[in-house]
1. Give the span of the range 19-97's Cα atoms along each principal axis, as three whole-Å numbers ordered largest to smallest.
2. Which one of PRO16, VAL52, GLY5 is farthest out on the positive end of the charge dipole of the range 1-52, using unit charges on Cβ (Lys, Arg +1; Asp, Glu -1) and the Cα centre as origin?
3. Using modelled amide H (1.01 Å from N, peptide plane; none on Pro or chain starts), what sits under 5 Å from the amide H of VAL92, excluding residues fewer than 5 places away?
4. Just in the range 1-82: which chymotrypsin sites (Phe, Trp or Tyr not before Pro) are loop by DSSP and have at most 14 other Cβ atoms within 10 Å?
5. Using the Karplus curve 6.51 cos²θ - 1.76 cosθ + 1.60 with θ = phi - 60°, what ³J(HN,Hα) values do you get for each residue of the range 47-54, in whole Hz, with x for Gly and Pro?
6. Excluding residues fewer than 8 places away in the same chain, name every one of the lysines whose C-alpha is closer than 22 Å to that of LYS18.
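Laboratory data are not the source of any read-out in this text; all were calculated from the coordinates shown. Because the structure is predicted, anything quoted here is derived from the model rather than measured. Every residue, glycine among them, receives a Cβ derived from its backbone with ideal geometry; neighbour counts consider all protein chains shown.
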Amino acid sequence: MLATGVRILVDADACPVKDEIYKVAWRREVPVTIVSNSHFRVPVHPLITRVVVSDGFDAADDWIAAAADATAVVVTADILLADRALKAGATVLAPTGKPFTTASIGGAIATRAIMADLRAGGDQLGGPKPFAAADRSRFLQALDTALVRLGRG
């Protein structure tokens with residue numbers, strides 16, 4: 001069992017690792033809040049809470065950013081949400097297991113801006129590489145490590 005207050009906040013609409021999050025949360029006895037713009041099935045379990053926000057632009061991001069603090073692990077692929085959560089003191093993981101850190105977020109934001117400019121200019125760019133089993137495994141390890149670290153206080 002981990003320290004009181006440790007929890008997982010999930011930007012859930014496009015999250016490919018929800019099942020992995022549930023498994024780790026149950027094993028570590030950590031509450032999970034699934035935040036989305038739409039209803040979808042989540043396990044009926046006392047550690048799992050679903051929050052459905054409006055379909056307004058960034059509504060899920062705003063909810064997560066407001067709830068994030070030093071006791072939270074935020075799971076998101078959204079770089080701007082990752083930045084907001086880091087500024088709130090949260091630990092932030094991408095679904096691939098890659099941690100967002102205060103040292104890496106600036107470069108990620110800059111790359112995002114460059115790619116947006118290129119797309120706006122009509123350049124045809126490939127998307128992210130397909131999600132792989134290795135990403136799932138890396139995520140499981142990163143989430144478990146983050147929870148253990150936070151649990152030690």
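1. Principal-axis extents of the range 19-97 (Cα, largest first): 29, 26, 21 Å.
2. Going by the Cα projections, it comes out as GLY5.
3. Counting only residues 5 or more places away or on other chains, the set is VAL74, PHE100.
4. Filter output for the range 1-82: PHE40, PHE57.
5. These are the phi-based 3J(HN,Hα) values: 8, 10, 10, 10, 10, 9, 9, 5 Hz.
6. Within reach: LYS98, LYS129.
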